[in-house]
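Remarks on the structure that follows.
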Amino acid sequence: MTATTRTIRSVKTPANYESIAWKWMRYSAFLLIPLVWGHLILQDVVVGVHNMDLGYVADRWANVGWRIYDGLLLAFAFAHGVNGLRQVLNDFIHKPTGRLILNWGLFIFWLSITVIGFIALIGGVNQQFPLQ
Amino acid sequence: MHYKLKIFRFHPEQDARPHYQHFELDADPTERVLDVLEQIRGEQDGTLAFRRSCAHGVCGSDAMRINGRNYLACKVLLRDLNAAEITIEPILGLRVVKDLIVDMEPFFDHYKSVLPYLINDDPLPADGRERLQSPEDRERFDDTTKCILCAACTTSCPSFWANGEYVGPAAIVNAHRFIYDSRDQGAEKRLEILNEQMGVWRCRTAFNCTEACPREIKITQAIAEVKRAIHTGKLE
């Protein structure tokens, strides 16, 4: 029997923004499979979009588990989507200045929507429904 | 068999825009597309421009888009195309110099950017001869040694079409060839170059490159191995 003489080498490859973003897209996609499917089946099939109102949201968010679920969905789905959009738009924007504007623009867009989403999630529904 | 050919023509010094020219001829289905092009140039229109050199799938000069797919004209037989009407165009994503000839400089610039040569500053072995490696170590990068730099892969890549700054599959394949060579010491430098936005991360695993490669190199796999090396820091 011949022994294998394959050399295994180690190299230093410091992580940078692009490698982290690439990994993020893969890991968040794994989480999105159960999160998005669960969300779609519940909201669109079980409940139905026409039956959703503020009362339904208040009932749902009375349970902290659903708030965490929606928080995860917001954190992973939206960041995944915005980073995907960045990748696609990079195909069309070729100048470094354009890319810089794009990156910051998308970051501000992502941050604003995420902050508004989390304020709603944490604050919950504090109004009576039907609205007075 | 009778064939109708539609060939992309563009002479920048004479034409305001490119156009297609139609040719008809009789050829044997076992002839190659290159033979047909030579026949047209010899008998019908001597101004038709295309590159060719060895005509045996080794030099990589005659990559072109045939019926919408990248092939080497010297490796594809007419019967393999399953069509009596054949459209021949230059490979995409590179500037057309004339007819089927494109400017390969940007392609070779990307190739050069990944340091496609052995880097090893250690003194030569005592006998002053070659640096030895085991058959298993040689086997590790055997697939990527087969590249002939024809550009069929890079110019079939949608990411490269969208953005010519992307180094492209051919450059990554040639980086892979040295990154995984146990005698080489430049893997870190190459991985650093490929760990940029216009490096391996532009690859969206469309597999067009693997399909287009006339040498049947598993290009998408090689790109994935480079990505893995960047993430794990291991060359195994």
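Here are a few things to note about the model shown:
- Residues that are closer than 17 Å to B:GLU31 by Cβ, free of Cβ contacts under 8 Å to residues at least 24 places away in the same chain, touching a strand residue (DSSP E or B) at 6+ places or on another chain (Cβ under 9 Å) and not aliphatic (A, V, I, L, M), drawn from segment B:48-83: B:ASN67, B:ASP80
- Residue within segment B:133-145 that is of a type in the set (D, E, K, R), under 16 Å from B:GLU225 (Cβ atoms) and touching a helix residue (DSSP H, G or I) at 6+ places or on another chain (Cβ under 6 Å) present: no
- Residues of segment B:123-139 include none that is on the phi > 0 side of the Ramachandran plot and modelled with pLDDT of 95 or more.
- Qualifying residue in segment B:164-172 (condition: touching a Lys or Arg at 6+ places or on another chain (Cβ under 7 Å) and under 18 Å from B:GLY93 (Cβ atoms)): yes
- Qualifying residue in segment B:187-209 (condition: assigned to a helix (DSSP H, G or I) and away from chain A (no Cβ under 12 Å)): yes
- Among the residues of this structure, B:ILE86 does not count as one that is crowded, with 20+ Cβ neighbours inside 10 Å and in contact with a strand residue (DSSP E or B) (Cβ under 6 Å, 6 or more places away or on another chain).
- Hey, B:ALA222 aliphatic (A, V, I, L, M), outside any helix (DSSP H, G or I) and away from chain A (no Cβ under 12 Å) or not: no
- Tally, over segment B:100-122, of residues that are touching an Asp or Glu at 6+ places or on another chain (Cβ under 8 Å) and surrounded by fewer than 19 Cβ atoms within 10 Å (Cβ to Cβ): 3
- If you filter segment B:151-186 down to residues that are of a type in the set (S, T, N, Q) and facing another protein chain (nearest Cβ under 10 Å), you find that the one that is surrounded by the most Cβ atoms within 10 Å (Cβ to Cβ) is B:SER159.
- Test: residue in segment A:112-124 that is more than 20 Å from B:ASN163 (Cβ to Cβ) and either more than 21 Å from the chain's Cα centre (by Cα) or assigned to a loop (DSSP other than H, G, I, E, B) (or both): yes
Residue by residue, here is whether (1) surrounded by fewer than 18 Cβ atoms within 10 Å (Cβ to Cβ); (2) touching a Leu at 6+ places or on another chain (Cβ under 8 Å) holds:
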position	(1), (2)
B:MET64	no, yes
B:ALA73	no, yes
B:LYS98	no, no
B:LEU124	yes, no
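- Residues of segment B:225-236 that are more than 8 Å from every other protein chain (Cβ to nearest Cβ) and in contact (Cβ under 8 Å) with a residue 24 or more places away in the chain: B:GLU225, B:VAL226.
- Count of residues meeting criterion [of a type in the set (A, V, I, L, M) and either more than 14 Å from every other protein chain (Cβ to nearest Cβ) or assigned to a helix (DSSP H, G or I) (or both)] in segment A:1-41: 11
The values are calculated or read from the model by the stated rules, or taken from the named source; none is laboratory data. Everything quoted here is computed from the prediction, not taken from an experiment. When we count neighbours, we look across all protein chains shown, and the Cβ atoms used for this are built from the backbone with ideal geometry, even at glycine.
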